[in-house]
1. Enumerate the residues in the range 65-79 having an amide nitrogen under 16 Å from the point lying 7 Å beyond the Cα of SER16 toward its Cβ.
2. Tell me the mean residue ellipticity at 222 nm calculated for the chain from its helices only (DSSP H runs of n ≥ 4, each -39500 (n - 2.57), averaged over every residue, nearest 500).
3. By how many degrees, between 0 and 90 and to the nearest 10, does the Cα long axis of helix 17-46 differ from the longest principal axis of the chain?
4. Using a Förster radius of 30 Å, what is the FRET efficiency between SER46 and ALA71 based on their Cβ-Cβ separation? Nearest 0.05, please.
5. Mean separation of Cα pairs under 8 Å and 6+ residues apart, divided by the residue count of the range 17-78: what relative contact order is that in percent?
6. What is the spread of the Cα atoms of the range 17-78 along each of their three principal axes, largest first, in whole Å?
Amino acid sequence: MSVPEVPPTPPRQPRSVIVTALLLIGGILLLAPGVCAVVFIREYISSPSPAASGFMTLWVISFVISALGLAQIVYAFRR
């Protein structure tokens, strides 16, 4: 028996520079809440107060948003 011919795979489409740039800009903007949280976390941890416990939720949310921004930057360069 002969081996059936396999059609060649189509060439991969090049990345769109505009889409990559937009993903990169969006990812950098999403990193901002995490950077702000890191800057201000030192101030609130050094002076314990009852208000600091309320900020923990905001810090977690900020870090989650920043993680999504980092994932978006990685996706922009790997797609």
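1. From the range 65-79, the list is 76-79.
2. Details: 2 runs with 59 residues, N = 79.
Only helices count here, giving -27000 deg cm²/dmol.
3. 20
4. 0.45
5. Relative contact order of the range 17-78: 61 percent.
6. Sorted largest first, the three principal extents are 48, 15, 13 Å.
FYI, it's all coordinate maths here, none of it is from the lab. Treat the numbers as computed from the prediction; the structure is a model and nothing was measured. Every residue, glycine among them, receives a Cβ derived from its backbone with ideal geometry; neighbour counts consider all protein chains shown.
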